[in-house]
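Step one of this worksheet: look at the structure below.
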Amino acid sequence: MKNILRGVAGAAVAAMFVCGCYNYKAPAAATLGDSYSERKRDAADDIFKDMKVLTLLDAQRIAIRNNPTYISAYHAVEAARMRYYQAWGAYSPTITASYDLSNSHSWVRDDDRRVPRSDRFRNSLGISANLLLFDGFSRYFSLKAAKSSLKYQELMEEDACRTMMLSVAYAYNTVLLAIEQRRIAMEDRKFQLDSLQNTRYKFEAGAAPLSDVLNFEILVNNAEVNMIAADYSYDTALYALAVLMGYPDGTLPADLKFSSEIKTDFIELPAVEIYLDAALANRPDLKAYREKLNIAKYDVYKAWGAFSPTASAFVSLSSNFDNDGGRNQPTLYSEDYGLSYGLSVDWTVFNGAIRYNKLREAQANMAAADFSVAAQWFNVVDEVRTAYANYIQSVKKTKLYGRVRELSAKQRDLVDDEYRAGNAELTRLNEAQRDLVSAETSLASSYINVQNAKAQLDAVVGGNTAEYYLNESDKSNQELYPGLGNLPNAIDSAKSETAADNKNAAKSTDKKDDKVAKAPAIPADAKAAPAK
């Protein structure tokens, strides 16, 4: 019996030390230090190794693997999973082992003034088990609530992916817009320099006043100011994109190129009701709110369980060894074993209406969660309608801006020819050039707005999970994204769209170099403008 008790106690202690570690891949080494210039480097610093062109899909794939906020959401899911396992533990017996070892000495003076000593050595070992049989179904509803909490965290992870991918698209498109703005500024500067040179020849020949020369010198400087502003917009967009992608440098490599094609084919959207149906069926944040409502419902059911009795079964084994003796006294040995078992029932009859008020509190929380779902439902509908309208108006405006740009270019060329022939005023040429620059800037911004509106529309529908953004090498390497196995599959339409995007991306990167815009550096006259 003693050996059995010792074996059970030893096994319990060993299990506690063996099964208690949560392993995870640490963040980028650079983030663990307090110096940027002397930071440690690891694999995160090699994200762009051997990469020449960064596409939007590549940027999103890299963000999936390296964005710390998104990875944190994955670990929040794992924490919820452990809470779910804890809830299952309430159905298992509680086994407790105890061990006591003591040795005591005592002295008692007798009538003969002797001080005999008594020695007592005790050694006891025990093990007990308790099993809750019934508690008004509180354990059951705690388990259901923990399961809904796990599902809630999984949905919030999916929603974190949804919002992060939209942020990556916005940042990437801002980079493209800055590249286009710098191209426009450089073309404006080139036109003003050509006009300045031509006007100087006229001034030297006495055919133009000095004020005309000064006019074009001013406009050349204004164009350079616009180039500097475009470079600043480009740099800040790079910073935002690098952070989203988890790149420790905080900016992207200077030799990395981006696709310069900001134009996009306009698509005819189906009825907005189709997008509404898809969003209400797929949006992870709306599903997460519904899981919180389920948790609130289970809390109400648990509160009802407090009104019922609880029943438990118990069993206990014990072993005691007692050695009692001392100087001038006989030594007494005793060793005994014990076994006890039974059933206990407890029922709280009255506790100051605490249970009743806890029940009402849980019901009020359920009502609040119910209306939170309704509020989020309206929010989803609003976001879908807004994104839908945004795409439609962006397409309409882009078509008009394209026409305005064509007319402005034709008008500028005509006025320029007239000015060179001496048939148009300088102010008219300035106005025509400003109109052309404004039209090109508006058209570029409008094309980017269409791209953003498309990304926004995809995001508000919520049809693309994290798996949508992973390529086949990612899917075969679980180290890159440990939570992939817990993600739902992307919808079929998303898969087909991914294939089309990959095909288009491959075509764009296979074109000539004039279809790829290099990251613009600080304004340098010697560098050519990126091709349109």
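Some values worked out for this structure:
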item	result
Single unsatisfied condition, Glu261 versus (1) open to solvent by less than 60 Å² (accessible area, probe 1.4 Å); (2) in contact with a Lys or Arg (Cβ under 8 Å, 6 or more places away or on another chain); (3) in a loop (DSSP other than H, G, I, E, B)	(1)
Helices (runs of 4 or more DSSP H) enclosed by the range 1-116 - at least 1 residues per element that are modelled with pLDDT of 90 or more, within 22 Å of Cys161 (Cα to Cα) and not acidic (Asp, Glu)	56-66, 68-89
One residue from Leu166, Leu176, Leu133 being of a type outside the set (Val, Ile, Thr), surrounded by fewer than 22 Cβ atoms within 10 Å (Cβ to Cβ) and over 30 Å from Lys302 (Cβ atoms)	Leu166
Pick from the range 387-418, criterion free of Cβ contacts under 8 Å to residues at least 12 places away in the same chain and not aliphatic (A, V, I, L, M), ranking: surrounded by the most Cβ atoms within 10 Å (Cβ to Cβ)	Glu418
Pairs, first farther than 26 Å from Arg182 by Cβ in the range 256-280, second open to solvent by 70 Å² or more (accessible area, probe 1.4 Å), C-beta under 8 Å, six or more apart	Val272/Arg385; Leu276/Arg385; Leu280/Trp377
Residue among Phe350, Phe314 that is hydrophobic (A, V, I, L, M, F, W, C), under 30 Å from Ala90 (Cβ atoms), open to solvent by 30 Å² or more (accessible area, probe 1.4 Å) and out of contact with any Ser or Thr (no Cβ under 9 Å at 6 or more places or on another chain)	Phe350
Complete set of residues in the range 280-310 that are under 30 Å from Thr96 (Cα atoms), of a type outside the set (Lys, Arg) and touching a Ser or Thr at 6+ places or on another chain (Cβ under 7 Å)	Gly305
Check on Ser211, surrounded by fewer than 16 Cβ atoms within 10 Å (Cβ to Cβ) and in a helix (DSSP H, G or I)	yes
Only one of Gln363, Gln376 that is assigned to a helix (DSSP H, G or I), modelled with pLDDT of 95 or more and open to solvent by 40 Å² or more (accessible area, probe 1.4 Å)	Gln363
Residues within the range 214-258 that are closer than 23 Å to Leu54 by Cα, open to solvent by 60 Å² or more (accessible area, probe 1.4 Å) and among the polar types (S, T, N, Q), tallied	0
Failed item in (1) farther than 25 Å from Phe266 by Cβ; (2) open to solvent by less than 70 Å² (accessible area, probe 1.4 Å), with Ile448 passing the rest	(1)
Qualifying positions in the range 195-208 - open to solvent by 30 Å² or more (accessible area, probe 1.4 Å) and either among the hydroxyl-bearing types (Ser, Thr, Tyr) or touching a helix residue (DSSP H, G or I) at 6+ places or on another chain (Cβ under 7 Å) (or both)	Asn198, Arg200, Tyr201, Phe203
Among residues of the range 188-230, those that are over 17 Å from Glu431 (Cβ atoms), out of contact with any Asp or Glu (no Cβ under 8 Å at 6 or more places or on another chain) and not aliphatic (A, V, I, L, M), counted	12
Candidate set from the range 264-293 (those that are assigned to a helix (DSSP H, G or I) and basic (Lys, Arg)); member that is least open to solvent (accessible area, probe 1.4 Å)	Lys287
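The values are calculated or read from the model by the stated rules, or taken from the named source; none is laboratory data. Model, not experiment: these values are computed from the prediction. Every residue, glycine as well, gets a Cβ built from its backbone with ideal geometry; the counts of neighbours run over all protein chains shown. Heavy atoms of the whole protein, side chains included, go into the accessibility calculation; ligands, DNA and RNA do not. Shrake-Rupley method; radii C 1.70, N 1.55, O 1.52, S 1.80 Å.
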